[in-house]
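The numbers here are math on the coordinates, done by the rules we state, and not lab data. Everything numeric here is computed off the predicted structure, so don't read it as measured data. Methodologically, a virtual Cβ is constructed for each residue, glycine included, from the backbone with ideal geometry; neighbour enumeration extends over all protein chains shown.
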Amino acid sequence: MKKINFLFLLFITVSPVLFAQERILTMEEAVIKQRSSLAPSRLKQLMWIKGSNNFSYIESSNKEETLVSGSAENDKKNNLVSLTELNNSLSSAGQAAVKPFPIILWKNAKQFTFESDRKVLCYDISTKKTSIDATHDFGDDAENKDVAKSTNYAAYTIKNNLFIYDGKNNLIVTNDKDENIVNGKSVHRDEFGISKGTFWSPSGKLLAFYRMDQTMVTDYPIIDWTSRPAKNENIKYPMAGDKSHEVTVGIYNVSNGKTTFLKTGEPKEQYLTNIAWSADELHVFIAVLNRDQKGMKLNSYSTVTGLFEKTLFEEKHEKYVHPMHPMVFLPNASGQFIWQSERDGYNHLYLYNSDGTLIKQLTKGNWIITDFAGFDAKGTKAFYTSTTESGITRNFYSIEIKSGKTTRITSGEGTHTSTLSSNGNYIIDNFQSTIIPRSINIVSVSGKKSKTIYTAKNPLQEYKLGELNIFKLKSENGDELFCRLFKPVAFDSTKKYPVIVYLYNGPGLQMINNTWNGGGDLWFQYMAERGFVVFTMDGRGSSNRGLAFEQATYLHAGVVEMKDQMVGVNYLKSQQYVDKDRMGIFGWSYGGFMSSSIMTRYPDVFKVGVAGGPVIDWSYYEIMYTERFMGTPQSNPEGYKESRVINYIDNLKGKLLLIHGAQDNVVVWQHSMQFIKECVDKGKQVDYYVYPGHEHNVLGKDREHLYQKVTDYFIQNL
């Protein structure tokens, strides 16, 4: 038997004896209330006040909400306006009262805006009066609202068309009759960092927008079971290897009502990503990615003529290029910009001239930048969050653009989520770790000044909890694999306990972090209270560990990931307290693919499996995601065959429950239906449960039902 090399680096051990714990979690608390009353508390609407070193948040006392401010430079706190006072000012201005305190945005150091009754209202701290900044006179069927900060023009969509309200009139930007031509919405199935379909210019007078032609994409049926009889509602779902939609970018000029479409060229099956404007609004920059995702060109287009101007630079990779962030121009130096790239194997910052000349690589190392925060007022320093210390920690840094000198601003091992003030002098640092629910601090970017403005209480201090350990094992090739383990409440090392392995292990997601509860759900503690060991590992293929770690699974989904999960399984079996004959596995989406794959390809390991929303056959999954990691079924037939879970059904031995949302438009229902049909044909007994009305995730109150179903299945069979 091959020797397993375990690297026991125990970062954190959290013991239940630290607290006076008596209660045990209910299912409602573990699933629903973990996001509300049992989540670490925070300061509501905490933000910087624009153009100052002051911050604001909503404080509640005596059933009254009040907007208060604090200063980074002293300990003074000022009450700015209570909800009652705000409503009095609204009444004086002839506007309707609001409740609760509205979501605000600071316009300057003395004024904030908020939306109410289709208006943008402005409250002045000095005069204590409310005025109307803009009116957004459009109906309730408007979606995807995007307001230009400089003009308050509002772009929005109704069905498949795009409109703009300019303060007086609703302007028709597009008028496509075919519902399969979609304007002003997210494209490419939200891949490549795309989350919206409209992009205002700096002046707020020009609007770039996506136009997606889906007429060539095959219809896919989604059944509405609530009507009588049931009704088919087709969606456009481009499956791997099939015809993709075609996207263009339009530039709408609010002043003259004209649209210019950019000449983004052939082939039409390409991905237009990471849209950015030049400061003078004469150019729009687009990262154009070819369909096989091996080559990207950062192109410049004229906003006046729509013509292609030049390619600033190209990036190529034998596996894939994955642009996720638009260029960011330096303040006071519009001729230079920051570009994020994984070209050296890790996501780092690169400094360019606007003509595409690389000035230098700003950051470098075997770690990644997870968030770029911006610049100081002079544009001499850039700020970012990175994994420099560890793959499960996040710290905030500054780098001097000229010298390259870096400074770590935050301290303490854990996860820092930091917000930079508009002048770049201070950060609001929201800190968590496995032992600190939340600590909010104001920190100077020099690192010399720091003060705590909020400390959250432990929301679980009254509950009996299992001991949490975060540690590392090693894969067969020596990569460190982060693991998280919850031991049962009242753990006794002389006893044997059943195990649940919860996993995802797919691209784009990291399950384990040095955050409260280790980044895990309270359901894991719920199961620990009921005598289970709960284990999770981020194997190769998962996120935030660099390109080689993620690309280890390229063209062979499931193979390397399962090998890594078996490292975790062998570790568990080596523990005297683990009952190796009572092991279960549970995952959703990519995790559902993994759990069903392991149940059929390692049939003697797990007695019980649960696969939620599982990918069964990658040729039935969407183009953008699948082809990045697997190529096409035509170019990689062996890889698709190898990963097809149906091909291994003959091996199935344990109890297996499949769960699917009946309206799933991400991993379509056909996946698990195919699996069930093959099980029937081969005489294999499996369990199956469907959630009508739910898409890829079972959300809302029904999520409690889902987790009760899963819990009962493990308890009954383990």
Legend entry - Unit Cα scatterers, Debye sum, the range 44-133: log10 I(q)/I(0) for q = 0.13 Å⁻¹: -0.39
Inset, instruction - Can you give me the span-like helices of the chain, meaning DSSP H runs with 20 Å or more of Cα extent along the axis and Kyte-Doolittle mean at or above 0.0? - result: 559-573
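What translational diffusion coefficient, to the nearest whole µm²/s, does the range 648-712 have by Stokes-Einstein, given a Kirkwood radius computed over alpha-carbon pairs, a temperature of 37 °C and 0.692 mPa s viscosity?
Taking Rh from Cα pairs, D becomes 258 µm²/s.
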Inset, instruction - Provide the FRET efficiency to the nearest 0.05 for the residue 26-residue 358 pair, computing r from the beta carbons and using R0 = 45 Å. - result: 0.20
Legend entry - Fraction of beta bridges assigned by DSSP in the chain that are antiparallel (%, nearest 5): 85 percent
Legend entry - For the range 395-509, fraction of C-alpha pairs farther apart than 26 Å, in %: 46 percent
Inset, instruction - Name all residues of the range 258-300 having a backbone nitrogen under 18 Å from the label point set 7 Å from the Cα of residue 314 along its Cα→Cβ direction, giving them as ranges. - result: 264-273, 286-300
Inset, instruction - Can you check what the net charge comes to around residue 380, using other residues whose Cβ is under 14 Å from the Cβ of residue 380 (Lys, Arg +1; Asp, Glu -1)? - result: +2
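What is the local net charge at residue 157, summed over the other residues whose Cβ is closer than 14 Å to its Cβ (Lys, Arg +1; Asp, Glu -1)?
Charge balance near residue 157 sits at -1.
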Inset, instruction - Please provide three numbers in whole Å: the alpha-carbon extents of the range 272-371 along the principal axes, with the largest listed first. - result: 42, 35, 21
Inset, instruction - Pull up all non-local amide H partners of residue 691: gap of 5 or more, or a different chain, and H-to-H distance under 5 Å with H placed in the peptide plane. - result: 660, 661, 662
Legend entry - Relative contact order for the chain, counting Cα pairs under 8 Å that sit 6 or more residues apart, in percent: 11 percent
Inset, instruction - Tell me what the chain gives for mean residue ellipticity at 222 nm when only DSSP H runs of n ≥ 4 count, each as -39,500 (n - 2.57), the sum divided by the residue total, rounded to 500 deg cm²/dmol. - result: -4000 deg cm²/dmol
Inset, instruction - Please turn the phi angles of the range 149-163 into ³J(HN,Hα) values with the Karplus equation 6.51 cos²θ - 1.76 cosθ + 1.60 (θ = phi - 60°), one per residue in order, whole Hz, x for glycine and proline. - result: 4, 7, 10, 6, 5, 10, 8, 7, 10, 10, 6, 9, 10, 10, 9
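So how do 151, 417, 305 line up by other beta-carbon neighbours within 10 Å, fewest first?
In order of increasing Cβ crowding within 10 Å: 305, 151, 417.
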Legend entry - Cβ-based exposure ranking for 420, 289, in which fewest neighbours within 10 Å come first: 420, 289
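Find the Cα radius of gyration of the chain, compare it with 2.2 N^0.38 Å by division, and give the number to two decimals.
1.00
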Inset, instruction - Would you work out which of 52, 279, 689 lies farthest towards the positive end of the dipole of the chain? Charges go on Cβ: Lys and Arg +1, Asp and Glu -1. - result: 52
Legend entry - Quarter of Cα convex hull surface for the range 519-585, i.e. mean projection, nm²: 5.5 nm²
Legend entry - Added length on full extension, which subtracts the Cα-Cα distance from 0.36 nm per residue, residue 451 to residue 220: 77.6 nm
Legend entry - Under Karplus coefficients 6.51, -1.76 and 1.60, residue-wise ³J(HN,Hα) of the range 364-380 in Hz, glycine/proline x: 7, x, 7, 8, 10, 8, 9, 7, 9, 9, x, 10, 7, 4, 7, x, 8
Inset, instruction - Taking H placed 1.01 Å from N in the peptide plane, check which residues at least 5 places from residue 313 or on another chain put their amide H under 5 Å from its amide H. - result: 298
Inset, instruction - Please give the contour-minus-distance gain from residue 79 to residue 45: 0.36 nm per residue of separation, less the Cα-Cα distance, rounded to one decimal in nm. - result: 10.8 nm
Inset, instruction - Using the number of other C-beta atoms within 10 angstrom as an exposure proxy, rank 556, 188 with the fewest first. - result: 556, 188
Legend entry - Per-residue ³J(HN,Hα) for the range 476-486, Karplus 6.51 cos²θ - 1.76 cosθ + 1.60, θ = phi - 60°, Hz, x for Gly and Pro: 4, 9, x, 5, 7, 10, 6, 10, 9, 9, 9
